[in-house]
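Down below is the structure, laid out as C-alpha cells.
Derivation of every value follows stated rules applied to the coordinates shown; laboratory data play no part. Bear in mind the structure is a predicted one, so any value in this text is a computation, not a measurement. Every residue, glycine as well, gets a Cβ built from its backbone with ideal geometry; the counts of neighbours run over all protein chains shown.
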Amino acid sequence: MSHLQDRVRASLQASRRWHIAEIVFWLIALGSFWAFPRHLLLMNEIAILALFALSLDLILGFAGIVSLGHAAFLGLGAYAAGLLAKNGMGDPVLGLVFAMVVSGFAGLLSSPLIVKGNDLTRLMVTLGVVLILHEIANSWASLTGGADGLQGITINPVLGLFAFDLFGKTAYLYSLSVLFVLFLVARRMMNSPFGLSLRAIRDNQLRAAASGVPPSQRLALAYTIAAAYAGAAGALLAQTSQFVSLDVLDFHRSADVMLVLIIGGPGYLYGGMIGAVVFKFLQDTIAAFTPQYWMFWIGLFLVLFVLRGRSLIHGGVKLFMTRLPWLSGRGRS
Amino acid sequence: MSAVLQTRNLVKTFGGITATDDITFSLEKGARHALIGPNGAGKTTFVNLLTGVLQPTAGAVILNGEDITTLSREARVKRGMARTFQINQLFATMTPLQMIALVTSERLGYGLRAFNVLDHDPRVIEQTADILARFRLEDIMNETIASLPYGKQRQVEIASTFAAQPSVLLLDEPAAGVPEAERRELLDIVAALPADVSVLLIEHDMDIIFRFATRITVLVNGRVLADGDPVSIARDPAVREAYLGEESHA
C-alpha cells in the first residue's frame, strides 16, 4: 500500500519536473543577448509578445476561454504604466506592478461577462470590450493623448542601476527577466490544485461541477490572472518604447496574439513563446523581403499552417522527443 | 433506518409538460435503491433535480436533514452527494491518477491553492492511492483517460465520483455501453461499494436491478407508480402492466 503511495507521489512529481529542453530553451533566450547584439530591439519585442501570448495561454490553453479582445488588458497595462511614468513615477518595476493591478482589476470586473456563456458569446463580448476601450482611449485625449499617443514618458533605470539605451540592451534583459519570473509563477500555478481544476473545467465542465469544482469562480480567477499578465506585457511595451499609442488596443493585437499561441500550440506554457519567435521572425524576414506585401505572405502562411502544418510541426517535435529519449528525461525512470 | 436523501412533493414542468409530477421519495441510509421506469418516465429529470442541474418548479430536496433545493451542483457535492453519468463525463486529457487527485484536493478544500503542489500533501497522496487500489486502477493510473477502453473509463468515472467521499451516490446506468467482457469486473466494483454509502441506481437492466437492489421505486409519466422491495414490485400487477409487460423476472 505504501508502495502505491510512493508511486502516486512519483507520478505527481514527474508532471512538474523540469525537462532538459526547458533549461536549454531559457539558456538560448539568455544567450541570444550576446549572440545577436544587433537584434536586441527585435528580441525585446519577441519577449513582450511571448509574455502576452503566455497570458492568453492561461485562459485559452488552460481554462478553455476564447478571447478576441485580449488587447484590452495589454492596452490598459500600457496606458497605466505610461501615465504613471508621465506623472513623475518612472520606476519601471513600480509601473509594472501598477499595470498588473490595473489590468487584473479590469479582468476581475469583466469576468462575469465571460464565465457564463459559450465560445461565440465570449468572442463577441471580448471583442466588444476592447472596441469600447479603444474608443475611450481615442476620445479621452486629455488623458491618453488620443490619436497622437501618450508622449513624454521618462523611465528611470531598472532597480536604479540599469538605464534604458538605444540598442535595447537593458530593454531585452528587463523584458526577458519579467517574462521568466512570470513564467515561473505560471508554471507553479498550472501544476497546483488550482491549475488542475482549470484543466478540469476545460476538459469537461459538467464533470468539473460534479466533482465539486465551482466553474464560475475558477474561470473568473484565471481571467483575472491572465489580465494581470497581459497588463505586464503592456507595461513592458510602454516602458521599453517610452511611448503608448492607440495601436495597443487595436484589433490586430488581439488577433496576432491568438495566431502566435496557435502557431506554438496552447496548453503547455511554451507555445506562446515559441509562437512569438516564429511569428516575429516571419514578420521581420518577409517585411525585409517585400515590405508592402508582407501581410499577404503571413496570411498565406497562416492558412497553410492551420490546415496542414500544425500537425506536421507538432508531430515533428514529438518525433524528435521519442527519437532522443535521453533528451526527454525518460531514460532515467 | 433513517433517510439520507428525500424529496417532498417535487414538481418540474417544461412549458406544458410535467416531467416530474409531485414526487415524494426517500433514500434510506445504506440502501441499494433502484429507480426504474420506461423511457420518458422522468428518471433523468428527477436525477437532475436531485443534483442541482435543474431547479424544481415546486417542492424540496433534503440531504442529511438540510434543505439543498437551491444549492449549486458543486455545493451539493461538498455536502456529500455525488453522481456518475449515463455517458462517461471524464477529464479526457488527464490520467486516472490526476483526476482522482483533483477530486480529492477539491474535497479537502485545496482548490484555490495556486502555489502548492499536490505531491507535498500526504492526505492527497494517501487518499488517491486508496481509491486507485480500491477500484483496481493501479495498472492504468498513468495512462491518458481518453486512451482507455470504455469499461475502464467507466471504472474511472465511478472511482472519481467515490473520491468525493459521498454519503449518497447516484449511479446512472453504471453498466451502460460496457462490453460484456468488462461487465463483470465493473459490477463487482459496484457490489463492493461500502455499506454505509447509500446508493441510488438508475437502471434499465433487470438483471442488475434484481442483483443489487434492496428497494425499488417505479416511475411512470413523472409519477411514482410503485415503491417497495424487489419481490413485491415484481408481483405488482400495475407495474407489470405499465412497465414490465409480459416479461416477468419474479
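So the values come out like this:
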{"read-out": "Neighbour-count order for B:120, A:70, fewest beta carbons within 10 angstrom listed first", "value": "B:120, A:70"}
{"read-out": "Helix axis angle, A:2-14 relative to chain A longest principal axis, alpha carbon, degrees", "value": "30 degrees"}
{"read-out": "Environment charge of residue B:42, counting only residues whose C-beta is closer than 11 Å and scoring Lys/Arg +1, Asp/Glu -1", "value": "+2"}
{"read-out": "Centre separation in Å (Cα based) which lies between the stretch B:1-73 and the stretch A:166-239", "value": "40 Å"}
{"read-out": "Semi-axis lengths, Å, the stretch B:1-40, gyration tensor of Cα atoms, sqrt of 5 times eigenvalues", "value": "24, 13, 5"}
{"read-out": "Rounded tilt (10° steps) of A:294-304 against the dominant C-alpha axis of chain A", "value": "20 degrees"}
{"read-out": "Relative contact order (%) - the stretch A:37-250, alpha-carbon pairs under 8 angstrom, separation at least six", "value": "45 percent"}
{"read-out": "Over the stretch A:190-309, relative contact order from alpha-carbon pairs under 8 Å, at least 6 apart, %", "value": "11 percent"}
{"read-out": "Kirkwood hydrodynamic radius over Cα pairs of the protein assembly as shown, then Stokes diffusion coefficient at 20 °C and 1.002 mPa s, in µm²/s", "value": "80 µm²/s"}
{"read-out": "Charge dipole magnitude, Cβ of K and R +1, D and E -1 - chain B, Cα centre, debye nearest 20", "value": "560 debye"}
{"read-out": "Over the stretch A:37-250: Kirkwood hydrodynamic radius from C-alpha pairwise inverse distances, Å", "value": "17.5 Å"}
{"read-out": "Ranked A:236, A:49, B:137, criterion: other C-beta atoms within 10 Å, fewest first", "value": "B:137, A:49, A:236"}
{"read-out": "26 Å Cα-Cα threshold exceeded, pairs from B:12/B:78; B:29/B:78; A:116/A:280", "value": "A:116/A:280"}
{"read-out": "Whole-number percent relative contact order across chain B, with pairs defined as alpha carbons under 8 Å at least 6 apart", "value": "27 percent"}
{"read-out": "C-alpha center-to-center spacing [the stretch B:174-219, the stretch A:48-118] in angstrom", "value": "51 Å"}
{"read-out": "Positive dipole terminus of the protein assembly as shown, leading residue within A:283, B:4, A:73 (C-beta point charges)", "value": "A:283"}
{"read-out": "Cα-based Rg of the stretch B:54-175 normalised by 2.2 N^0.38 Å, two decimals", "value": "1.12"}
{"read-out": "Cα-centred dipole magnitude for chain A, charges only on beta-carbon of K, R (+1) and D, E (-1), debye, nearest 20", "value": "1460 debye"}
{"read-out": "Residues A:198, B:169, sorted so that the one with the fewest Cβ neighbours within 10 Å comes first", "value": "B:169, A:198"}
{"read-out": "Charge dipole magnitude, Cβ of K and R +1, D and E -1 - the stretch A:40-159, Cα centre, debye nearest 20", "value": "200 debye"}
{"read-out": "Isotropically averaged projected area of the stretch B:1-73, using the convex hull of Cα atoms (one quarter of hull area), nm²", "value": "5.0 nm²"}
{"read-out": "Rounded, prolate or oblate (a/c below 1.5 giving rounded, otherwise prolate when a/b exceeds b/c) for the stretch A:18-143 by Cα gyration tensor", "value": "oblate"}
{"read-out": "Cβ-defined net charge surrounding residue A:209, 10 Å radius [Lys, Arg +1; Asp, Glu -1]", "value": "+2"}
{"read-out": "Relative pair counts by distance (%), Cα atoms of the stretch B:3-244, 5 Å bins", "value": "1, 6, 14, 17, 18, 16, 12, 8, 4, 2, 0, 0, 0"}
{"read-out": "Proximal lysines to residue A:86, defined as alpha-carbon separation beneath 26 angstrom and excluding residues fewer than eight positions away on the same chain", "value": "A:169"}
{"read-out": "222 nm mean residue ellipticity, helices alone, for chain B (DSSP H n ≥ 4; -39,500 (n - 2.57); rounded to 500)", "value": "-9000 deg cm²/dmol"}
{"read-out": "Potential extension, residue B:146-residue B:123 segment - 0.36 nm per residue separation minus Cα distance", "value": "5.6 nm"}
{"read-out": "Crossing angle, helix A:271-289 versus chain A [Cα axis fit, 0-90 degrees, rounded to tens]", "value": "50 degrees"}
{"read-out": "Share, in percent, of DSSP beta bridges within chain B that are antiparallel, nearest 5", "value": "55 percent"}
